[in-house]
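Bear in mind that the values in this text are calculations on the coordinates, not laboratory data. All figures in this text were calculated on a predicted structure; none of them were measured in a lab. Note that each Cβ is placed from the backbone with ideal geometry, even for glycine, and that neighbours are counted across all protein chains shown.
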Amino acid sequence: MSFPLGNRFKSACLALLLASPFAAIAAETDSNELSVDAPRVQQYLDTAFPYEYEALGGLFTLTARDPKLTIPASGERLLMAFSASAAQAGGSETPVGRIQMSSGLRYDPRDNALYLDQPTVDDVQPASSGQRVDEQTRMLLNLWLTDYARKEPLYKLDPALVANLGGVKVESARIENGHIVVRFNQPVGMPDLSDAPN
């Protein structure tokens, strides 16, 4: 099949856009959806952490590190675990423990990024046996999670490459069958470039 040069360029840009870490797992020709697995998004998360959050004007600080993302085979929410430590202003960090959370997913077209949607803290495993996570710390965790979901993307598409795609735009993203499924406004199947002119 022969494609106009403009379509070849857009397809090449799309391939780069989704190359790494946000790479397509499966894309059928003429399909307007691409499927992405958790390890691909994990690569982006690894560059975004540690993440520090200051609450109550800097009176408390919570630091999250070592995120681990998983996408269950069923359901519409992804899972993420991270280690957390907290500190009062001027004080040293105290390990809180390992935090387990779940969340939906939303796509924001204004900055071409995927964000957590309505995340919840599901479990807190204290850093040491016998340690108790008090209500103040739980409140700080929930404030951190709300702030992270509002400000920090799970993944942000390269704006320069998005601009070169012209009419190819992301319409939505959802969680399905253990993957993140990204839907575009037109087919994104990659053409055979072997017939391109030399």
Could you check the simple spin-label distance between Gln136 and Gln186, using points 7 Å along Cα→Cβ, in nm with one decimal?
-> 5.8 nm
Two-site label geometry, Gln42 and Gln118: point separation in nm, points 7 Å out along Cα→Cβ | 2.8 nm
Tell me the label-point distance for the pair Arg65, Leu143, using the 7 Å Cα-to-Cβ offset, in nm and rounded to one decimal.
-> 2.2 nm
